[in-house]
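As structure tokens, the structure follows; a few thoughts come after it.
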Amino acid sequence: MKNFISSIYVKPNSISDEKICVGLFIGGETTSYFAWSENKLKLTTKLASESVYSSLHRSFININNDITHKIGHESKGAIVKKHVYSSEYFQYLTNYNKGLIEFTSPKTISKSVDQKEFEKLFKLYVGENIIKLNKEIKETFKKKSALF
């Protein structure tokens, strides 16, 4: 199996069919890479609603935490050591996931990709640098108390 690349888009307005590239996934035989842009997710709040941002943010955190727990690596540009996501899976997502998050059809990459090359491709596709995380992000649902 060769390396493949798939861009992750958010479609905040279904009427205009406008899409924003918020993330990138590169899959390979031995190692895969995944990252997203927090700034681009925040931009969707201005174009859609706060609940859209919360949902998307939670989804990407869950994916990142799943990847981080499997490999013990704490960065938003997480490396997946065990190949879990296949080109066929991303083709399935391209064909059938037509909601808020959309995936491009996986494209084959002829050369091998390392962390440095992934960061360059992320900057090219998404337009931002990957932000490294200092600690694992945990999504909480703590109720805010009101003062009387």
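We did not get these values from a lab; they are worked out from the coordinates using the rules stated. Just so you know, these numbers come straight off a predicted model, no measurement behind them.
Annotation: amide H of Val22 within the under-5 Å range of Ile8, Tyr9, Val10, sequence separation 5 or more or interchain, hydrogens built in the peptide plane. Between amide H atoms placed 1.01 Å from N, distances below 5 Å from Ile109 occur with Asn3, Phe4, Ile5, all of them 5 or more places distant or on a separate chain. For region 89-96, backbone phi angles converted through the Karplus equation (6.51, -1.76, 1.60; θ = phi - 60°) give residue-by-residue couplings of 5, 5, 5, 4, 4, 4, 6, 10 Hz, Gly and Pro being listed as x.
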